[in-house]
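The values are calculated or read from the model by the stated rules, or taken from the named source; none is laboratory data. The model shown is predicted, which means the values in this text are computed figures rather than measured ones. All Cβ positions, glycine included, derive from the backbone under ideal geometry; neighbour counts span all protein chains shown.
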Ligand SMILES: [Zn+2]
Ligand SMILES: [Zn+2]
């Protein structure tokens, strides 16, 4: 049986987290994080350490978010926001940007 405890604790500093999602403003964007449970202070620190740069708009892509993945001609990966403004028709990949690493990298078959 899943626990119904509302006693969420920050994954980083173990401080109690009263509300989810954790919401902060980072680089002019509102960031909502449901999972993992991280307090606002730690989330800000994680964003500063692990955010990557959007190849389209040049803005920060915070950790724990979905990203579009582009490959340049040399095969290097570039990341873009998963939104209609930044994700171009050419983005054939997406993944989950974690703590400075790409997870669940999925190639969408382009036809
Ligand atoms: Zn914390
Ligand atoms: Zn962008």
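Could you list all residues from the stretch 65-86 that are more than 16 Å from ligand 2 (Cβ to nearest atom) and either crowded, with 21+ Cβ neighbours inside 10 Å or in contact (Cβ under 8 Å) with a residue 12 or more places away in the chain (or both)? The one that is more than 16 Å from ligand 2 (Cβ to nearest atom) and either crowded, with 21+ Cβ neighbours inside 10 Å or in contact (Cβ under 8 Å) with a residue 12 or more places away in the chain (or both): 71. Number of residues in the stretch 39-56 that are at pLDDT 95 or above and either touching a helix residue (DSSP H, G or I) at 6+ places or on another chain (Cβ under 7 Å) or part of a loop (DSSP other than H, G, I, E, B) (or both): the value is 2.
Evaluated against (1) within 16 Å of ligand 1 (Cβ to nearest atom); (2) modelled with pLDDT under 95; (3) in contact with a helix residue (DSSP H, G or I) (Cβ under 8 Å, 6 or more places away or on another chain), residue 27 falls short on exactly one condition, (1). Would you be able to tell me the number of residues in the stretch 53-70 that are farther than 11 Å from residue 102 by Cα and within 16 Å of ligand 1 (Cβ to nearest atom)? The qualifying residues number 1. Summed over the stretch 4-24, residues that are part of a loop (DSSP other than H, G, I, E, B) and either within 20 Å of residue 101 (Cα to Cα) or touching a helix residue (DSSP H, G or I) at 6+ places or on another chain (Cβ under 6 Å) (or both) total 4.
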